[in-house]
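The values are calculated or read from the model by the stated rules, or taken from the named source; none is laboratory data. The structure displayed is predicted, hence computed values, not measured ones. Every residue, glycine among them, receives a Cβ derived from its backbone with ideal geometry; neighbour counts consider all protein chains shown. Remember, those area values only see protein heavy atoms, side chains included, never the ligands or the DNA or RNA. Shrake-Rupley method; radii C 1.70, N 1.55, O 1.52, S 1.80 Å.
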Amino acid sequence: DTGVSQDPRHKITKRGQNVTFRCDPISEHNRLYWYRQTLGQGPEFLTYFQNEAQLEKSRLLSDRFSAERPKGSFSTLEIQRTEQGDSAMYLCASSLAGTNEKLFFGSGTQLSVL
Amino acid sequence: DAKTTQPTSMDCAEGRAANLPCNHSTISGNEYVYWYRQIHSQGPQYIIHGLKNNETNEMASLIITEDRKSSTLILPHATLRDTAVYYCIVRGATSGTYKYIFGTGTRLKVLA
């Protein structure tokens, strides 16, 4: 069990640039979640997948954000035309669907938009 | 919005039991109570979850009231490494949305 891995751990970018983050879930997990967290706040739900299908997307997520999980394995989260307000920790979690579902989180990608 | 309310912060002496309360008065019959914790600069970590009955594992115990409107997470012998933010979450598991909605949690500080 190698856990959930996220890449990169840190990303610094200039306002207006596009960024892409990658998440590799635990191999047998069929659900994958993306969250965003700012200082002093709990993780904020962005979107989640079951296998390759994106089943729910937060209404707070602007159309600059897009996520994919092309083969039901790894996932990418892209932010286009970044803004300073996008600065946050982006967390990925995976799970095996069922009544005993437990989320396993990665260490996150810290994004700083200058 | 989170469906739970928790105290903002709590202190606990090392070696003593830490009892973290959570109110979830609008919980539905098929919704589970989950607890996660987040140690500074790490992703949240699963602790325990339950539906109706009290639950215990190697990390903690979960006590759910009979009316299911509140619960308490118990760390039986708190250590300094238990200093973290603890999140109580209510979530359905069999139908509808499966997302976990985190609130702002309880910041537990274990004192030496």
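Here are the numbers:
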quantity: Using distinct alpha-carbon pairs, which all enter the 1/r mean, Kirkwood radius of the protein assembly as shown in Å; calculated: 18.2 Å
quantity: Across chain B: Cys residues that no other cysteine approaches within a C-beta distance under 4.7 Å; calculated: B:Cys12
quantity: Probe 1.4 Å, accessible area per residue of the protein assembly as shown, Å²; calculated: 51 Å²
quantity: Zone of A:Ser112's modelled label, taken as backbone nitrogen in region A:14-28 under 14 Å from a point 7 Å along Cα→Cβ; calculated: A:14-15
quantity: Estimated distance in nm for a label pair at A:Glu28 and B:Asp11, the labels positioned 7 Å out from Cα along Cα-to-Cβ; calculated: 4.5 nm
quantity: Above-threshold pairs, the threshold being 27 Å between Cα atoms, out of A:Lys57/A:Lys102; A:Lys71/B:Lys99; A:Lys71/A:Lys102; A:Lys11/B:Lys3; calculated: A:Lys11/B:Lys3
quantity: Label-point separation, B:Thr79 to B:Asn30 (7 Å along Cα→Cβ), nm; calculated: 4.0 nm
quantity: Protection proxy ranking of B:49-60, B:19-30, A:38-49 - average other beta-carbon atoms within 10 Å, highest first; calculated: A:38-49, B:19-30, B:49-60
quantity: Shape call, chain A: gyration tensor on alpha carbons, a/c limit 1.5; calculated: prolate
quantity: Cβ charges +1 (Lys, Arg) and -1 (Asp, Glu), total dipole of region A:1-94, debye; calculated: 340 debye
quantity: Karplus-derived 3J(HN,Hα), 6.51/-1.76/1.60, for each residue of region B:73-82, Hz, glycine and proline x; calculated: 8, 10, 9, x, 9, 5, 10, 4, 6, 7
quantity: Accessible surface of region A:1-80, 1.4 Å probe, proportion on carbon and sulfur as whole %; calculated: 43 percent
quantity: Charge context of A:Arg15, other residues only, Cβ under 10 angstrom, K/R +1, D/E -1; calculated: 0
quantity: Total charge dipole magnitude, the protein assembly as shown, about the Cα centre, Cβ charges on Lys, Arg, Asp, Glu only, Debye to nearest 20; calculated: 480 debye
quantity: Karplus-derived HN-Hα couplings along region A:69-81 (A = 6.51, B = -1.76, C = 1.60, θ = phi - 60°), whole Hz, x at Gly and Pro; calculated: 9, x, 10, x, 10, 6, 9, 10, 10, 10, 10, 9, 6
quantity: Gain upon complete extension [A:Gln41, A:Thr2; 0.36 nm per residue less C-alpha separation]; calculated: 11.3 nm
quantity: List of region A:68-104 residues, accessible area with partners at least 40 Å² below that of the chain alone (1.4 Å probe); calculated: A:Thr99, A:Glu101, A:Lys102, A:Leu103
quantity: Near-label residues of region A:72-114 by backbone N, under 14 Å of a point 7 Å along Cα→Cβ of A:Asn51; calculated: A:72-73, A:97
quantity: Net +/- balance of residues flanking A:Lys57 in space, Cβ distance below 14 Å, scoring K and R +1, D and E -1; calculated: 0
